């Protein structure tokens, strides 16, 4: 697994499974310009590495809410990614988790994106969810023969 650090963000990429794990330093406020820059870098990485599964670990959020600029960045970038699944790890800040989940869910619904999103306990639960959902989509439908 390749690990990259960009400012106060860490990316761990499991290329074989198409999984990217992102985490931010607890010292980084989501309302800062630095956070916005990490989000732009994250989406660039997702597109370049053709990531289909994303695990978001916000750790102990340093406060704040998603800014209009961050939301605009999500709107601009998410539709152009190969993402199929986004798992958000539960943090001690339920309001932050819910805010992030609602923003991404709204984008998925509004733009009719083929992306599933889930709030999960930990990385293991995220990987298990990815595995279960991939198995469901790859199993042939009953009564249909494969060619």
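Grab the strands (runs of 3 or more DSSP E) fully contained in the stretch 1-115, keeping just those with 1 or more residues being surrounded by fewer than 18 Cβ atoms within 10 Å (Cβ to Cβ). It would help to see each step written out before you state the result.
Numbers: elements: 2-6, 9-14, 19-24, 53-57, 85-89.
Correct list: 2-6, 9-14, 19-24.
If you check residue 38 against the conditions, is it in contact with a strand residue (DSSP E or B) (Cβ under 7 Å, 6 or more places away or on another chain) and over 26 Å from residue 131 (Cβ atoms)?
yes
Throughout, read-outs are computed from the coordinates displayed, never taken from laboratory work. This structure is a prediction, so every number in the text was calculated from the model and none was measured. Virtual Cβ from ideal backbone geometry, glycine too; neighbours counted across all protein chains shown.
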